[in-house]
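Have a look at the structure below before the remarks.
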Amino acid sequence: MMRLLRALVLFALLLTGCAHGLPAASAPGPPSEAPVTAVASYAQIAQPEPLPLAAQEGGAAGTAEGAADEGAGEDDFDDGMEEVPAAEQVTIADPWEPFNRAMFTFNDRLYFWVLKPVAEGYSAVVPEPARVSVGNFFSNLRSPIRFVNCLLQAQFIGAATELFRFMLNSTIGLAGLFDPAGGEEIGLLRQDEDFGQTLGSYGVGQGFYIVWPFLGPSSPRDTLGMIGDYFSYPISYLDPWYAWLAVRGYQAVNDTSLQIGDYEAIKEAALDPYISIRNAYIQYRQKKVEERGTIGKPKPDVPGAGTPARGVGP
Amino acid sequence: MKRTTKTTKIRSAIAVSLLALVLGAVPARAATPLETVRAEVNKVLEVLRNKSLKEEVKREKLRALYGEMFDQEELSKWSLGRNWNKLSESQRREFLPLFQQVLEKTYGDRILAYSDERIVFDKEVPISGNRVEVQTRAITKSKEIPMHYRVFKDKSGKWKCYDVVVENVSLVMNYRSQFNEILAKNDAEELLNILRKKVKDQKS
């Protein structure tokens with residue numbers, strides 16, 4: 001009971017939950033570990049941050065055609081354009097759209113009125129390299145999540161990679177502040193696996209779209225995933241509860257400070273930001289599940305190579 | 001005897017001119033998709049890193065490079081999907097530049113803000129028929145983001161981009177979801193209105 005209460009309060013205060021490698025996109029912000037690049041990356045917004053309440057809906061899933069009639073459909077152009085590969089046409093049902101839109105607006109305000117100003121103040125005081133290191137530190141603490149989910153997906157190389165990363169980064173990486181394991185020389189890349197993806201790899205569909213207040217885009221499956229990840233994230237076990245809350249809050253601010261501008265750019269590019277982010281979220285999560293496998297170092301400059309960069313599946 | 005020599009001369013002259021014609025028209029080896037994208041992205045980076053250029057000039061140059069690199073019509077078709085057929089010929093003519101302006105404003109601002117990135121060109125992966133995905137990564141001090149350019153061979157045989165996939169999210173598919181939503185409830189004229197308004201708002 002206590003834990004549930006704690007979970008609720010926490011969820012309520014923390015924008016970027018991120019039980020996994022990349023920070024969540026709760027309100028708007030993309031994950032810290034993902035780059036701020038020239039082109040704003042939608043994916044960052046698409047991080048799932050599930051909440052417990054939705055757990056019971058887990059079974060109700062099923063890949064319903066989007067209420068929104070999103071993307072589905074053949075592309076029979078009169079001028080002989082080929083069909084878009086079916087896998088590309090990702091859709092999700094959105095029976096809760098009115099609720100979701102309200103939550104979207106709520107998260108949007110939360111970002112512009114609270115999170116962003118706080119993160120900007122914080123950025124002004126703490127230089128970027130330090131904030132990157134703080135991000136690395138939390139990412140290192142999330143290793144158990146990635147390790148466990150690699151194992152659950154029978155990705156043993158991925159699990160070993162995470163184990164070695166954790167050992168290296170916790171020691172020569174000074175408690176995770178730096179990421180020597182992921183550097184050019186060692187090349188052990190972070191394996192972004194979370195419980196939502198594990199469920200996806202077992203064949204569990206997204207179900208329908210949910211936007212949680214504070215936590216952002218999700219679905220029954222990814223909500224369940226987030227609960228699972230909660231238990232494999234050491235910070236969740238901090239006691240007393242307000243210590244945990246403070247740490248998660250700080251994490252959210254730090255993550256946001258590294259990605260200010262990304263959400264704004266995505267909104268700017270969109271004709272309907274709600275739809276744009278919903279689509280980005282499902283495209284991103286779908287791909288994450290599909291490409292499950294050990295993330296290795298891509299070999300640069302191999303013209304004509306026919307294999308996808310990441311998909312060394314088990 | 002003389003005659004034969006003359007014939008031979010004429011023949012070789014014809015051969016040489018034919019060869020020249022062929023060589024002139026078609027490069028010795030057509031550039032691969034990856035080479036094409038690499039060359040174009042490098043030109044963009046060159047403009048961004050040139051500190052002596054004013055922002056206005058940079059925008060102008062980037063616009064030209066966009067035209068070289070992207071096929072706005074193909075990109076629009078993919079973004080509209082089956083809705084492309086709902087637009088009349090004249091509506092399409094208006095749609096193309098409007099959509100381009102929306103993209104230009106958003107991504108232009110974004111691109112101009114960053115220039116310290118390093119781009120690594122990883123590989124090309126066939127999608128289907130004459131479509132290929134060129135996979136790259138943008139690397140900054142601390143982060144890296146996968147950016148995949150989808151190209152097709154246009155009528156002139158040049159590889160042109162019609163989609164960019166940033167961190168697994170396809171740009172055209174993302175716009176398609178929005179256009180579908182809008183066109184499910186409205187007609188094509190309303191879509192153009194929305195675009196016109198967007199362009200106007202962006203200018204102010």
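Key figures
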{"read-out": "Subset of B:Lys105/B:Lys158; B:Lys123/B:Lys158; B:Lys61/B:Lys160; B:Lys155/B:Lys198 violating a 21 Å alpha-carbon distance limit", "value": "B:Lys105/B:Lys158; B:Lys155/B:Lys198"}
{"read-out": "Ranked list, fewest to most other Cβ atoms within 10 Å of each Cβ, for B:Lys155, B:Lys105", "value": "B:Lys155, B:Lys105"}
{"read-out": "Selected from B:Ser177, B:Ser128, B:Ser156 as most flexible by GNM, with chain B as the system and alpha-carbon contacts under 10 Å", "value": "B:Ser156"}
{"read-out": "Taking A:Glu184, B:Glu68, B:Glu189 and counting other C-beta atoms within 10 Å, the order from fewest to most", "value": "A:Glu184, B:Glu189, B:Glu68"}
{"read-out": "For B:Thr136, residues with placed amide H under 5 Å, excluding near neighbours", "value": "B:Asp122, B:Met147, B:His148, B:Tyr149"}
{"read-out": "Per-residue HN-Hα couplings for the stretch B:93-109 [Karplus 6.51, -1.76, 1.60; θ = phi - 60°; Hz; x = Gly/Pro]", "value": "4, 7, 4, 3, x, 4, 4, 4, 5, 4, 5, 4, 4, 4, 7, x, 4"}
{"read-out": "Degrees, to the nearest 10: B:171-185 long Cα axis against longest axis of chain B", "value": "50 degrees"}
{"read-out": "For the stretch A:279-287, Karplus couplings with θ = phi - 60° (6.51, -1.76, 1.60), whole Hz, Gly/Pro x", "value": "5, 4, 4, 6, 4, 5, 5, 4, 5"}
{"read-out": "Neighbour-count ranking [beta-carbon atoms within 10 angstrom, fewest first] of B:Lys143, B:Lys54", "value": "B:Lys54, B:Lys143"}
{"read-out": "Environment charge at A:Gln197 (Cβ cut-off 11 Å; Lys +1, Arg +1, Asp -1, Glu -1)", "value": "-1"}
{"read-out": "FRET efficiency estimate (nearest 0.05) - Cβ-Cβ, A:Tyr250 to B:Lys153, R0 51 angstrom", "value": "0.50"}
{"read-out": "Efficiency of FRET from Cβ geometry, B:Leu112 and B:Glu89, R₀ 22 Å, rounded to 0.05", "value": "0.05"}
{"read-out": "Interchain or long-range residues, amide H under 5 Å from A:Tyr233's placed H", "value": "none"}
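Read-outs throughout are calculated quantities, based only on the coordinates presented, and are distinct from any laboratory measurement. Nothing here was measured: the structure is a model prediction, and the numbers come from that model. Glycine gets a Cβ as well: all are built from the backbone with ideal geometry, and neighbour counts include every protein chain shown.
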